[in-house]
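Quick notes on the structure that follows.
The values are calculated or read from the model by the stated rules, or taken from the named source; none is laboratory data. The model shown is predicted, which means the values in this text are computed figures rather than measured ones. Reconstructed Cβ throughout: ideal geometry from the backbone, glycine too, with neighbour counts over all protein chains shown.
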């Protein structure tokens, strides 16, 4: 038999969302007294914006006629989409990002999972705690960790996010890292980082030579004008940061699949011998070798997000989820639970007053509400519960009335 | 700066298709006397089957209504598609493959590129020569090779495909490998493997403990009933083979993006200590961690391939390309060029009678026809030219008339 990558065997087998699903299935089998309301997983519930549906339908029709048929597109994405992204998401916010620094993909999960491939096998990595599990698991698979103990892998540096630091960890000064994952607005806590906090991270990265892997999948939820949408709003970030974005939450594309990664051309890494290497060229090589571009109709749907109608429809979509988040946070606070998130974010991170899984079970069995236990995201999540605002206003109102 | 994966720096920088594109651009700038006909890259030209377009359009409309909207689907693919695949592509051909052994993805390029991640860093790999470059490059990126010299990477075993063996290499008996890539109908040669030849490979794999990574992306072109469509038509293959399939050539999905990989549940690898590990579980972990499923409308389009209309339309599509291939081969043979492929395959692999790039330039500048120089696929491709049948019958007829 072939020799296997034994790093996979270090992976903790119980994955958070499958354990949640198992407990919900088990409870459902007992015939609960009323409908279960799901405020757990971060999946959107509202239909695609009409502008996206129309653009996608037109593109599908194009594929059915020889004169307009398209086969392989550029692996990096069509120029029409890369240019719309550069213009609206970056230049309009004062960020100096060119279309050819944008790599269109089928998901930010894929990109945040794949990007670590460009780093050395012994690269030193820092991750937040609580954390989106993909950052951790993909580094485990790549062999950058030892075994797990008490939910943490040896060899990874966990940056604790807690009440004391307002769920925004400070840079670990005096330590050297190759890369750090940051996610703002944060999944799972919903915390946002101020301009000064991001600037401190960029300054630290420039000093210690680390790469910032900045996950901005939830940036569309930011309504406070003082909060940066992109790491590139911070001076000096181009040289030290890669940014991941997604249409999943911005435009309800969780089942449609489109995202992108920004790799500035002057963002460098180095060989062990100290030679500088541009990450842009390496990512381009990876993207063209292991990926073959996003479905053409999907790219047309994503382009439509930037039309005037698309912009208005996406804003309305997110306004709806933000109103849900606000209602959830207000209710939880009225019941005495300290909360973070729920403003500029679809997630409310609430102090449970009991262990996370106990709170999860109590909410499920007592109120027929599915949440996500914070402990599933890491040691610092213990004692917290994540509520997701992705649902209709009526359903969220009913859930809150049950509490 | 972050420490980089230095294996990427071993990659040969001149990629075949970009060099072809560069030469074509350069020649185009000289204002050629007539339109350039492209028989180079293996991209389809004919529109999507009507059944696929209709199914996709219906699914797009579903995403626009709350009652029928779908967010995240199962990462492995929707049951409706996995079941249709298992039924039509395997059970109907006598292959014992279950729906939950099928992993739907966005491309066979991605899957053939990613699967090597499950193998140990020091796994010993064999690849054909000539070869689809993705098999090689992804193993270089993973650090399984030394530097390249004369177009071959140290540490990889190249299985020579040539006139002597009819372009189907024999198993390298007496040597131990962890994995071998096989592709039939072959890209680039168009050669097919008989049942006896595949049985010899399966027997060899079972004896020496190697895993067969079987790329069957072109199986839909097989019309000779004696040639197996799947490695699983060979007894004993389930334990030692993974198979890659794609809708790209079967149904014109190169720009629509859908493919799948079959990982039988009893296909095992082993740890260095000799413990058996099922690849199915590992691939499932990779797929769910680094991938988030194929776009829902695309999966509906793929499902339609298996409807009676879809089957008839795909067959007609491929019949057209096969007629082109036959015409190309007949013309080249009439001019005295020995050929392989062009039957049961969209590719004709022709002996050029001169170095590959000389023939490429002569065809481009003398006849305004773009081909692919065989030397770009490996040392054994030198002296050959690949003609692709992916074009309209009229265009192929005009190209042949020019010769």
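When the range B:4-45 is filtered for residues that are away from every other protein chain (no Cβ under 11 Å), surrounded by 14 or more Cβ atoms within 10 Å (Cβ to Cβ) and part of a helix (DSSP H, G or I), the ones remaining, listed by number, are B:10, B:16, B:19, B:20, B:21, B:23, B:24, B:27.
If the condition is being in contact with a helix residue (DSSP H, G or I) (Cβ under 9 Å, 6 or more places away or on another chain) and closer than 25 Å to residue A:349 by Cα, then the range A:139-158 contributes A:150, A:151, A:152, A:153, A:156, A:158.
Identify the residue in the range B:62-82 that is farther than 28 Å from residue B:98 by Cβ and more than 7 Å from chain A (Cβ to nearest Cβ) and, among all such residues, is surrounded by the most Cβ atoms within 10 Å (Cβ to Cβ).
Checking each candidate, the answer is B:68.
For the range A:251-270: of the residues being out of contact with any strand residue (DSSP E or B) (no Cβ under 6 Å at 6 or more places or on another chain) and surrounded by fewer than 22 Cβ atoms within 10 Å (Cβ to Cβ), which is farthest from residue A:73 (Cα to Cα)? Checked the range A:251-270; the qualifying residue farthest from residue A:73 (Cα to Cα) is A:266.
Do you know which residues across the range B:46-61 are in a loop (DSSP other than H, G, I, E, B) and facing chain A (nearest Cβ under 7 Å)?
Of everything in the range B:46-61, those that are in a loop (DSSP other than H, G, I, E, B) and facing chain A (nearest Cβ under 7 Å) turn out to be B:46, B:47, B:48.
In summary, residue B:1 fulfils each of the numbered conditions (1) within 30 Å of residue A:272 (Cβ to Cβ); (2) more than 10 Å from chain A (Cβ to nearest Cβ) with the single exception of condition (2). Hey, any hits in the range B:335-347 for a residue that's under 24 Å from residue B:80 (Cα atoms) and exposed (fewer than 15 other Cβ atoms within 10 Å of the Cβ)? Taking every residue of the range B:335-347 in turn, none turns out to be under 24 Å from residue B:80 (Cα atoms) and exposed (fewer than 15 other Cβ atoms within 10 Å of the Cβ). Within the range A:96-120, being within 7 Å of chain B (Cβ to nearest Cβ) and part of a loop (DSSP other than H, G, I, E, B) holds for A:106, A:107, A:120.
Of the candidates A:273, A:316, the single residue that is outside any helix (DSSP H, G or I) and more than 7 Å from chain B (Cβ to nearest Cβ) is A:273. Here the range B:179-206 is the region considered, the condition is being under 15 Å from residue B:131 (Cα atoms) and without any contact (Cβ under 8 Å) to a residue 60 or more places away in the chain, and the residue that is surrounded by the most Cβ atoms within 10 Å (Cβ to Cβ) is B:184. Out of A:209, A:236, one residue alone is on the phi > 0 side of the Ramachandran plot, surrounded by fewer than 24 Cβ atoms within 10 Å (Cβ to Cβ) and within 12 Å of another protein chain (Cβ to nearest Cβ). It is A:209. Set side by side, the residues B:166, B:155 differ, and just one is closer than 22 Å to residue B:5 by Cβ, surrounded by fewer than 21 Cβ atoms within 10 Å (Cβ to Cβ) and touching a strand residue (DSSP E or B) at 6+ places or on another chain (Cβ under 9 Å), which is B:155. Scanning the range B:84-96 for residues that are farther than 15 Å from residue B:258 by Cα and either surrounded by fewer than 22 Cβ atoms within 10 Å (Cβ to Cβ) or free of Cβ contacts under 8 Å to residues at least 60 places away in the same chain (or both) yields B:86, B:87, B:88, B:91, B:92, B:93, B:94, B:95, B:96. Do we find that residue B:390 is out of contact with any strand residue (DSSP E or B) (no Cβ under 8 Å at 6 or more places or on another chain) and assigned by TED's automatic domain parsing to the domain that holds residue B:22 in this structure? Yes: the conditions hold for residue B:390.
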